[in-house]
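*Asks:* What follows is a structure written as structure tokens; I'll ask about it next.
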Amino acid sequence: MTSGAQPLVFDGHNDVLLQLSRTGGVAGAEVFQTGREGHIDIPRATAGGFGGGFFAVFAPSPGNKATRHAEMAKPSYDVPLPAPIPQPQALAEAMRQVAILNRLETLGALKICRTAAEIRACLDAGTIAAILHVEGAEAIDPDFHVLDVLYRAGLRSIGPVWSRPTIFGHGVPFRYPSSPDTGPGLTDHGLRLVERCNEMGILIDLSHLNEAGFWDVARASNAPLVATHSNAHAICPHSRNLSDNQLRAIADSDGMVGLNFAVAFLRDDGRMIDDVPLGQMLRHIDHLLGILGEDRVGLGSDFDGATVPKELDSAAGLPKLRRAMAEHQYGEALIEKLCHGNWLRVLEKTWGA
Ligand code: ZN
């Protein structure tokens with residue numbers, strides 16, 4: 001599971017399906033193989049030793065992401081939660097993005113993985129391993145018919161909310177500085193979703209839940225607690241980041257956290273400015289390791305969904321991060337755990353072997 005001398009990265013979050021949906025849809029998906037504007041494609045994955053990860057299906061809110069990012073470049077900000085998205089609209093977008101993922105598999109660009117063993121085999125073979133993940137469960141109906149159909153299409157991970165209300169919960173706004181405790185947590189539908197996901201062996205992603213929602217899942221779920229792409233609130237006091245109490249609950253459940261590369265969640269000042277040294281990522285990892293231990297921290301890049309440190313640029317820049325880890329005196333075994341080993345461990349526990 002190496003690329004040259006380096007362990008491959010298996011990563012907790014990317015939004016490449018959203019970007020492909022916006023650009024050429026299913027018919028234009030070939031650009032993933034040949035090269036595209038963005039963070040992840042086959043040439044960049046090969047150059048950087050990107051072995052795969054959680055591929056999010058996500059229905060964007062109307063409005064301009066650039067406006068949100070401009071607001072988040074300010075010294076403090078409070079971006080309100082966007083309006084809910086109607087289920088038919090979210091479902092149509094989910095079908096479009098799952099069709100793109102299927103097309104990528106047909107093209108041989110990746111494999112949709114349903115078990116940790118399948119991911120391991122992909123890493124060994126040099127095939128990109130993709131987990132079908134739904135970020136924000138707007139597409140899911142209260143009777144879980146869509147959940148059942150998506151499960152058969154490969155769905156193995158779901159976030160009950162993005163930073164936007166759903167029938168399942170409320171979501172955390174993009175606010176700095178702010179506690180993650182910003183409002184009410186899961187609804188009754190949300191608690192039923194947790195129960196159903198536990199029964200089906202679907203991972204429940206805590207990123208984008210507010211603190212009340214986090215504790216609702218912690219109480220209701222019998223699975224390890226996982227935040228696929230979130231950082232340490234002690235370093236960057238952003239509403240999207242996790243307090244030390246939340247991290248301790250994740251450790252107690254034997255779950256894990258994937259480090260988000262989004263600059264607004266990395267920087268001490270929470271600003272959406274990409275001039276961030278890689279050492280800042282290591283400060284978060286050190287803090288996460290201090291509470292979670294070596295087996296419960298990984299990466300959750302948010303590639304193709306976030307502004308990442310300029311120095312990293314894209315998946316092709318991952319060797320710089322591995323080098324920074326080695327220079328920071330992380331040993332080979334720890335670097336391998338951070339790059340992919342811990343994700344495999346937690347997925348095996350969550351999904352069953
Ligand atoms: Zn996200």
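The values are calculated or read from the model by the stated rules, or taken from the named source; none is laboratory data. All values reported here derive from a predicted model rather than from experimental measurement. All Cβ positions, glycine included, derive from the backbone under ideal geometry; neighbour counts span all protein chains shown. Side chains included, ligands, DNA and RNA excluded: accessible areas come from the protein's heavy atoms. Shrake-Rupley method; radii C 1.70, N 1.55, O 1.52, S 1.80 Å.
*Asks:* Just for the range 128-153: of the residues that are among the β-branched types (V, I, T) and without any contact (Cβ under 8 Å) to a residue 60 or more places away in the chain, which one is surrounded by the most Cβ atoms within 10 Å (Cβ to Cβ)? Give the steps one after another, and end with the answer.
*Replies:* Going residue by residue through the range 128-153, those that are among the β-branched types (V, I, T) are 128, 131, 134, 140, 146, 149.
Narrowing further to those that are without any contact (Cβ under 8 Å) to a residue 60 or more places away in the chain: 140, 146, 149.
Working: I140: 27, V146: 19, V149: 12.
Among them, the one singled out is I140.
*Asks:* Then there's this: Just the residues that are touching a Ser or Thr at 6+ places or on another chain (Cβ under 9 Å) and either assigned to a helix (DSSP H, G or I) or modelled with pLDDT of 95 or more (or both), please, taken from the range 1-28.
*Replies:* Of all residues in the range 1-28, those touching a Ser or Thr at 6+ places or on another chain (Cβ under 9 Å) come to 3, 8-9, 11-14.
Answer for the range 1-28, where residues must be touching a Ser or Thr at 6+ places or on another chain (Cβ under 9 Å) and either assigned to a helix (DSSP H, G or I) or modelled with pLDDT of 95 or more (or both): L8, V9, D11, G12, H13, N14.
*Asks:* Since F10 meets every condition but one in (1) under 22 Å from T228 (Cβ atoms); (2) buried (at least 21 other Cβ atoms within 10 Å of the Cβ); (3) over 17 Å from the mean Cα position of the chain (by Cα), which condition does it not meet?
*Replies:* Going through (1) under 22 Å from T228 (Cβ atoms); (2) buried (at least 21 other Cβ atoms within 10 Å of the Cβ); (3) over 17 Å from the mean Cα position of the chain (by Cα) one by one, F10 breaks only (3).
*Asks:* List the number of the failed condition for N245; all other conditions in (1) over 22 Å from A212 (Cβ atoms); (2) free of Cβ contacts under 8 Å to residues at least 12 places away in the same chain; (3) polar (S, T, N, Q) hold.
*Replies:* The one condition N245 does not meet is (1).
*Asks:* Quick check on the range 277-296. Is at least one of its residues part of a loop (DSSP other than H, G, I, E, B), at pLDDT 95 or above and open to solvent by less than 10 Å² (accessible area, probe 1.4 Å)?
*Replies:* No; the residues of the range 277-296 include none that is part of a loop (DSSP other than H, G, I, E, B), at pLDDT 95 or above and open to solvent by less than 10 Å² (accessible area, probe 1.4 Å).
*Asks:* If a residue must be over 18 Å from A70 (Cα atoms) and either in contact with a Cys (Cβ under 9 Å, 6 or more places away or on another chain) or within 16 Å of the ligand (Cβ to nearest atom) (or both), how many such residues does the range 303-318 contain? Show your work before the answer.
*Replies:* Start the filter on the range 303-318 by keeping residues that are over 18 Å from A70 (Cα atoms), which leaves 303, 311-318.
Filter once more, so that each one left must be either in contact with a Cys (Cβ under 9 Å, 6 or more places away or on another chain) or within 16 Å of the ligand (Cβ to nearest atom) (or both): 303, 318.
Here the count works out to 2.
*Asks:* Restricting to the range 231-271, what's the tally of residues that are in contact with a His (Cβ under 8 Å, 6 or more places away or on another chain), open to solvent by 30 Å² or more (accessible area, probe 1.4 Å) and of a type outside the set (D, E, K, R)?
*Replies:* Of the residues in the range 231-271, 1 are in contact with a His (Cβ under 8 Å, 6 or more places away or on another chain), open to solvent by 30 Å² or more (accessible area, probe 1.4 Å) and of a type outside the set (D, E, K, R).
*Asks:* What are the residues in the range 59-99 that are closer than 18 Å to G136 by Cβ, part of a helix (DSSP H, G or I) and hydrophobic (A, V, I, L, M, F, W, C), if any? Explain how you work it out, then say what you get.
*Replies:* Start the filter on the range 59-99 by keeping residues that are closer than 18 Å to G136 by Cβ, which leaves 59-63, 65, 68, 79-98.
Keeping just the survivors that are part of a helix (DSSP H, G or I) gives 65, 68, 87-98.
Those that are closer than 18 Å to G136 by Cβ, part of a helix (DSSP H, G or I) and hydrophobic (A, V, I, L, M, F, W, C): A90, L91, A92, A94, M95, V98.
*Asks:* Residue check: is A56 open to solvent by less than 10 Å² (accessible area, probe 1.4 Å), within 16 Å of the ligand (Cβ to nearest atom) and assigned to a strand (DSSP E or B)?
*Replies:* Working: open to solvent by less than 10 Å² (accessible area, probe 1.4 Å): yes; within 16 Å of the ligand (Cβ to nearest atom): yes; assigned to a strand (DSSP E or B): yes.
Against the criterion (open to solvent by less than 10 Å² (accessible area, probe 1.4 Å), within 16 Å of the ligand (Cβ to nearest atom) and assigned to a strand (DSSP E or B)), A56 qualifies.
*Asks:* Would you say T115 is more than 29 Å from A264 (Cα to Cα), open to solvent by 10 Å² or more (accessible area, probe 1.4 Å), among the hydroxyl-bearing types (S, T, Y) and in contact (Cβ under 8 Å) with a residue 12 or more places away in the chain?
*Replies:* Working: more than 29 Å from A264 (Cα to Cα): yes; open to solvent by 10 Å² or more (accessible area, probe 1.4 Å): yes; among the hydroxyl-bearing types (S, T, Y): yes; in contact (Cβ under 8 Å) with a residue 12 or more places away in the chain: yes.
Criteria met by T115.
*Asks:* In this structure, is G258 within 13 Å of the ligand (Cβ to nearest atom) and either in contact (Cβ under 8 Å) with a residue 12 or more places away in the chain or part of a loop (DSSP other than H, G, I, E, B) (or both)?
*Replies:* Values: within 13 Å of the ligand (Cβ to nearest atom): yes; either in contact (Cβ under 8 Å) with a residue 12 or more places away in the chain or part of a loop (DSSP other than H, G, I, E, B) (or both): yes.
Criteria met by G258.
*Asks:* Out of all the residues in the range 158-169, is one or more hydroxyl-bearing (S, T, Y), within 16 Å of the ligand (Cβ to nearest atom) and open to solvent by 10 Å² or more (accessible area, probe 1.4 Å)?
*Replies:* So far as the range 158-169 goes, yes, one or more of its residues are hydroxyl-bearing (S, T, Y), within 16 Å of the ligand (Cβ to nearest atom) and open to solvent by 10 Å² or more (accessible area, probe 1.4 Å).
*Asks:* Just to verify a result, which residue in the range 13-36, among those that are open to solvent by 40 Å² or more (accessible area, probe 1.4 Å) and among the hydrophobic types (A, V, I, L, M, F, W, C), is farthest from N231 (Cα to Cα)?
*Replies:* A27
*Asks:* Considering only the range 332-343, I want to know if a residue exists there that is more than 18 Å from the chain's Cα centre (by Cα) and not aliphatic (A, V, I, L, M).
*Replies:* First pass over the range 332-343, keeping only residues more than 18 Å from the chain's Cα centre (by Cα): 332-336.
Still in the list and also not aliphatic (A, V, I, L, M): 332, 336.
Scanning the range 332-343 turns up at least one residue that is more than 18 Å from the chain's Cα centre (by Cα) and not aliphatic (A, V, I, L, M).
*Asks:* Could you give me the residue pairs with C-beta distances under 7 Å whose first residue belongs to the range 86-102 and is closer than 16 Å to V31 by Cα, whose second residue is of a type in the set (V, I, T) and assigned to a helix (DSSP H, G or I) wherever it lies, and which are 6+ apart or on separate chains?
*Replies:* Listed by first residue and then by second, the contacts come to A99/V26; I100/V26.
*Asks:* Across the range 188-220, what is the number of residues that are within 16 Å of the ligand (Cβ to nearest atom), assigned to a loop (DSSP other than H, G, I, E, B) and hydrophobic (A, V, I, L, M, F, W, C)?
*Replies:* Here the count works out to 2.
*Asks:* Also, I was wondering about something else. Taking the condition of being among the polar types (S, T, N, Q) and in a loop (DSSP other than H, G, I, E, B), how many residues in the range 145-167 meet it? So that I can check it myself, show each step before the final result.
*Replies:* We begin by selecting, within the range 145-167, every residue among the polar types (S, T, N, Q); these are 157, 163, 166.
From the residues that got through so far, the ones that are in a loop (DSSP other than H, G, I, E, B) too are 163, 166.
So the count comes out to 2.
*Asks:* Next up: Please verify whether the range 123-144 includes one or more residues that are more than 22 Å from G183 (Cβ to Cβ), of a type in the set (F, W, Y) and part of a helix (DSSP H, G or I).
*Replies:* No: zero hits.
*Asks:* Quick one: which helices (runs of 4 or more DSSP H) lie wholly within the range 302-353 and hold at least 1 residues that are among the polar types (S, T, N, Q) and out of contact with any helix residue (DSSP H, G or I) (no Cβ under 7 Å at 6 or more places or on another chain)?
*Replies:* Details: elements: 318-327, 332-336, 342-351.
So the answer is 342-351.
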